[in-house]
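The values are calculated or read from the model by the stated rules, or taken from the named source; none is laboratory data. These numbers come from a predicted model, not from an experiment. Here the Cβ positions follow ideal geometry from the backbone for every residue, glycine too, while neighbour counts run over all protein chains shown. Accessible surface areas use protein heavy atoms only, side chains included; no ligands, DNA or RNA. Shrake-Rupley method; radii C 1.70, N 1.55, O 1.52, S 1.80 Å.
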Amino acid sequence: GAVVSQHPSRVICKSGTSVKIECRSLDFQATTMFWYRQFPKQSLMLMATSNEGSKATYEQGVEKDKFLINHASLTLSTLTVTSAHPEDSSFYICSARLSKGIGNQPQHFGDGTRLSIL
Amino acid sequence: GENVEQHPSTLSVQEGDSAVIKCTYSDSASNYFPWYKQELGKRPQLIIDIRSNVGEKKDQRIAVTLNKTAKHFSLHITETQPEDSAVYFCAAGGGFKTIFGAGTRLFVKA
């Protein structure tokens, strides 16, 4: 149980392109989803927290207009990297948690998306 | 703000030896402490977790200990195997967010 599917797994595109990444909870309803960015050999950097039906909460330093998050249903959250540039190249991972507003439940991670902007 | 420190950043052990990874947290409200294992290019996977009402938990070769007073928690892997080689992240949760440690890269030499 608790499977999180993330697509696509890899994206290579030209600078200026917008890229959408999908995160789906397959066998449970996720009221809260998280988006992380991970640089090589580094930890998971939380970008934003998305709650179903409300606006995402962004971490300090993360541009909300650059990284658009939509959590339209209890099983789907999307991250759109708008007008991507080479510095946006990274590994993006989503995770989902069952209970809203409660930190004491495990997060279940997607497989990640490796984004490469040329 | 909330912070989780993890040590060591790199750990190399001989197959069969034990490995210990330690974390400290700053938020007294933290009451849930998961550990994740991430292999290269793959998703972090939950391997064990512990809640604040428990001091120790064991699952086969893996054990976690928690000292709430000192705000320390540790991961212990016994009889290490080459397939244990990965990056391990500790985390502390209890409020709205879960804060992750910086990770420990474990190498198990055959």
Taking chain A and dividing mean pair separation by its residue count, relative contact order in percent (alpha carbons under 8 Å, at least six apart)
37 percent
Anything losing 30 Å² or more of accessible area from the isolated chain to the full protein assembly: pick those residues out of segment B:70-110, probe 1.4 Å, ligands and DNA/RNA ignored.
B:Phe89, B:Phe96, B:Lys97, B:Thr98, B:Phe100, B:Arg105
Excluding A:Cys13 itself, calculate the net charge of residues whose Cβ lies under 15 Å from the Cβ of A:Cys13, where each Lys or Arg counts +1 and each Asp or Glu counts -1.
+2
With an 8 Å Cα cut-off and a minimum separation of 6 or more residues, compute the relative contact order for segment B:29-75 in percent.
27 percent
Could you report segment B:13-110's accessible area per residue, 1.4 Å probe, as an integer in Å²?
48 Å²
Label 7 Å along Cα→Cβ of A:Thr80; segment A:7-34 residues with amide nitrogen under 11 Å?
A:18-21
Expressed as a whole percentage, what fraction of the accessible surface of chain A belongs to carbon and sulfur atoms when a 1.4 Å probe is rolled over the protein heavy atoms?
51 percent
Both in Å, the radius of gyration and Dmax of the C-alpha trace of chain B are 13.3, 41
Report, in whole Å, the centroid distance computed from the Cα atoms of segment B:60-110 and segment A:51-83.
29 Å
With x for Gly and Pro, the residue-by-residue ³J(HN,Hα) of segment B:79-92, computed from phi through the Karplus equation 6.51 cos²θ - 1.76 cosθ + 1.60 at θ = phi - 60° and given in whole Hz, is 6, 4, 10, x, 6, 7, 4, 4, 9, 10, 10, 9, 8, 10
Just the number: Rg to Rh for chain A, Cα atoms, Kirkwood Rh, two decimals.
0.95
For segment B:22-34, what does the Karplus curve 6.51 cos²θ - 1.76 cosθ + 1.60, with θ = phi - 60°, yield as ³J(HN,Hα) per residue in whole Hz, taken in order and with x for Gly and Pro?
10, 9, 10, 10, 10, 7, 4, 7, 4, 9, 9, 9, x
Buried accessible area, chains B and A (both chains, 1.4 Å probe, Å² to nearest 100)
1800 Å²
Under 10 Å, Cα contacts only: if you run a Gaussian network model on chain B, which one of B:Gln60, B:Gln38, B:Gln81 comes out with the highest mean-square fluctuation?
B:Gln60
Quick numbers on the protein assembly as shown, Rg and Dmax over C-alpha atoms in Å, give 17.7, 52
FRET efficiency for B:Lys57 and A:Glu59, using Cβ-Cβ distance with R0 set to 35 Å, rounded to 0.05
0.70
How many nm separate the modelled label positions at B:Asn3 and B:Leu46, each set 7 Å beyond the Cα in the direction of the Cβ?
2.8 nm
May I ask you to evaluate 6.51 cos²θ - 1.76 cosθ + 1.60, the Karplus curve with θ = phi - 60°, for each residue of segment B:4-19 and list the ³J(HN,Hα) values in order in whole Hz, giving x for glycine and proline?
10, 9, 10, 9, x, 7, 9, 9, 10, 9, 7, 3, x, 7, 9, 10
Cα pairs beyond 13 Å in segment A:39-82, in percent, come to 56 percent
Treating only the Cβ atoms of Lys and Arg (+1) and Asp and Glu (-1) as charged, compute the dipole magnitude of segment B:1-94 about its Cα centre; round to the nearest 20 debye.
280 debye
Cβ-derived FRET efficiency at R0 45 Å, A:Lys14 paired with B:His72, nearest 0.05:
0.40
Under 11 Å from the Cβ of B:Arg43, count the other residues' Cβ atoms, weight Lys and Arg +1, Asp and Glu -1, and hand me the total.
0
What dipole magnitude, in Debye to the nearest 20, does segment A:6-78 give about its Cα centre under +1 on Lys/Arg Cβ and -1 on Asp/Glu Cβ?
320 debye
If you average the sequence gap of Cα pairs under 8 Å that are 6 or more apart and divide by the length of chain B, what percent do you get for the contact order?
37 percent
Under-5 Å amide H pairs with A:Thr17, H placed in peptide plane, nonlocal only
A:Ala84
